[in-house]
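Can you read through this structure? Questions will come right after.
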Amino acid sequence: MSRVALVTGGSRGIGRGIVLSLAHAGHDVVVNYAGNVDAAKEVVAEVESLGRRALPVQADVSVAEDRARLLDETWAAFGRLDLLVSNAGVAPKVRADILEADEESFDRVIGINLKGPYFLIQSAANRLIAQPSDEAGTRPKIVIISSNSAYTASTNRGDYCVSKAGLAMTTQLFAARLAEHGINVYEIRPGIIATDMTDAVTAKYDDLIFHKGIQPIRRWGRPDDVGRAVVAIATDLFPHSTGQVIDVDGGFHMKTL
């Protein structure tokens, strides 16, 4: 029986890298996307070219009805879920100093990046608790994709940093609550990853990586770097770990002199 993964924000960027890594590892994948149907169709076609099943589902994770439908369609198509990857997220539309940033931006970013994942995980967890173990006795897993912004202050995008810090605690809360049910929860913190989200700041990060040595590994991260970390979790390589933070950041998190 093939394992089934659901990846939110799975049509582009880091999410796409995760989807394709999981497909290469033998998973069927539910590809959630918010609005870019063409990107979703492309990644679905790539998954199917690898001989795996893929189901595209349009849903805005910040909307309760969409979250419920996303899970309903997942179970209707596959009858189970072995891995939930909460990846969907947005940056603020405008980077604004925290002394000037408005509530509209805050509400949008927190709704998509934190509130939506929190309640999606809550709903999925209740279904996963009731789901029987697979043929090998393996229980489902949950992965939350956060960011090094969970602990790195960027004063021109405070709403984004707050949302990622909230995801770090969300990981700890669900890991503590779900351990008794055999459901492990992990947080992956990407660093500087080459995606369309970072296109606008390429020159800035080139300088930080290659000239100022902001991280020991002097290259941009790639979506498949994050995808490989997800596969390690999905294939049960960390069975005695939960609430664990996995940094995929070129060593950015280290303090060096």
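No lab work stands behind these numbers, since they all come straight from the coordinates. This structure is a prediction, so every number in the text was calculated from the model and none was measured. All Cβ positions, even for glycine, are placed from backbone atoms using ideal geometry, and neighbour counts span all protein chains on display.
Could you give the length gained by full extension between Q244 and V37, i.e. 0.36 nm per residue of separation minus their alpha carbon distance, to one decimal place?
Numbers: separation 207, 0.36 × 207 = 74.52 nm, distance 3.34 nm.
My answer for the length gained is 71.2 nm.
Loop only per DSSP, at most 13 neighbouring Cβ atoms within 10 Å: give me the trypsin sites (Lys or Arg not before Pro) in the range 196-257, ordered by residue number. Don't jump to the answer; show the numbers that get you there.
Numbers: sites: K204, K212, R218, R219, R228, K255; in loops: K212, R218, R219, K255.
Here the sparse-neighbourhood loop sites are K212, R218, R219, K255.
Given the -39500 (n - 2.57) contribution per DSSP H run of 4+ residues, what per-residue ellipticity at 222 nm results for the chain, rounded to the nearest 500 deg cm²/dmol? Mind showing how you got there, number by number?
On the way: 8 runs with 101 residues, N = 257.
Calculated from helices alone, the mean residue ellipticity at 222 nm is -12500 deg cm²/dmol.
Expressed as an acute angle from 0 to 90° and rounded to the nearest 10, what is the orientation of the C-alpha long axis of helix 158-178 relative to the principal long axis of the chain?
In the chain, helix 158-178 runs at an angle near 30 degrees to the longest axis.
Quote the relative contact order of the chain in percent (integer), defining contacts as alpha-carbon pairs under 8 Å separated by 6+ residues.
Details: 468 pairs, mean separation 50.9, N = 257.
Over the chain, the number comes to 20 percent.
Given a Förster distance of 30 Å, report the FRET efficiency between L257 and R127 from their Cβ-Cβ distance, rounded to the nearest 0.05.
Efficiency, from the Cβ-Cβ distance: 0.05.
So how far apart, in nm, are the two label points at M1 and S49 if each is 7 Å from Cα heading toward Cβ?
3.1 nm
Which value, in debye to the nearest 20, describes the size of the charge dipole of the chain about its Cα centre when Lys and Arg Cβ atoms bear +1, Asp and Glu Cβ atoms bear -1, and nothing else is charged?
Working: 27 positive and 31 negative charges, 111 e Å.
Roughly 540 debye, rounded to the nearest 20.
Checking a compactness column here: for the chain, what do you get for Rg(Cα) / (2.2 N^0.38 Å), N being the number of residues? Numbers along the way, then the final one.
Values: Rg = 17.6 Å, N = 257, 2.2 N^0.38 = 18.1 Å.
Normalised by 2.2 N^0.38 Å, the Cα Rg of the chain equals 0.97.
Still on this structure, I have one more. What do you get when you divide the Cα radius of gyration of the range 58-128 by 2.2 N^0.38 Å, with N the number of residues?
Working: Rg = 14.6 Å, N = 71, 2.2 N^0.38 = 11.1 Å.
Here the answer is 1.31, to two decimals.
How large is the dipole of the range 1-114 about the Cα centre if only Lys and Arg carry +1 and Asp and Glu carry -1, each at its Cβ, rounded to the nearest 20 debye? All intermediate terms of the calculation are to be shown ahead of the outcome.
Details: 12 positive and 17 negative charges, 117 e Å.
Using only the charged Cβ atoms, the result is roughly 560 debye.
While we're on this one: Can you order the peptides 10-21, 191-202, 26-37 by their average number of other Cβ atoms within 10 Å per residue, highest first?
Values: 10-21: 26.3, 191-202: 15.4, 26-37: 21.1.
Answer by packing, highest mean first, reads 10-21, 26-37, 191-202.
I'd like the FRET efficiency for D72 and R108, computed as 1/(1 + (r/R0)^6) with the beta carbon distance as r and R0 of 41 Å, rounded to 0.05. The partial results should precede the final answer.
Working: r = 25 Å, r/R0 = 0.62.
It comes out at approximately 0.95.
Checking the table K41/K212; K164/K204; K93/K204; K41/K255; K41/K204 against a 30 Å threshold on Cα-Cα, which pairs fail? Don't jump to the answer; show the numbers that get you there.
Details: K41/K212 39 Å; K164/K204 21 Å; K93/K204 18 Å; K41/K255 42 Å; K41/K204 32 Å.
With Cα atoms farther than 30 Å apart: K41/K212; K41/K255; K41/K204.
Same structure, new question: For F210, what charge total do you get from the other residues with a beta carbon under 14 Å from its beta carbon, if Lys and Arg give +1 and Asp and Glu give -1? All intermediate terms of the calculation are to be shown ahead of the outcome.
On the way: positive: K204, K212, R218, R219; negative: D206, D207.
So the surrounding residues net to +2.
Related question: Run the simple label-point estimate for A203 and Y151 please: 7 Å along Cα→C-beta, distance reported in nm.
Placing both labels 7 Å beyond Cα along the Cβ direction yields 3.2 nm.
Extending each Cα 7 Å along its Cβ direction at E180 and A136, get the distance between those two points in nm, one decimal.
2.8 nm
To continue, here is another question. Mind checking which of A23, G9, I121 is farthest towards the positive end of the range 1-137's charge dipole, using Cβ charges of +1 (Lys, Arg) and -1 (Asp, Glu) about the Cα centre?
The residue sitting most towards the positive pole is A23.
Is there a quick way to get the dipole size of the range 83-174? I mean about its Cα centre, with the Cβ of Lys and Arg at +1 and of Asp and Glu at -1; what is the value in debye to the nearest 20? Working shown, then result.
Values: 9 positive and 9 negative charges, 62 e Å.
The calculated dipole for the range 83-174 is roughly 300 debye.
Another one. What whole-number distance in Å separates the alpha-carbon centres of the range 198-257 and the range 24-43?
23 Å
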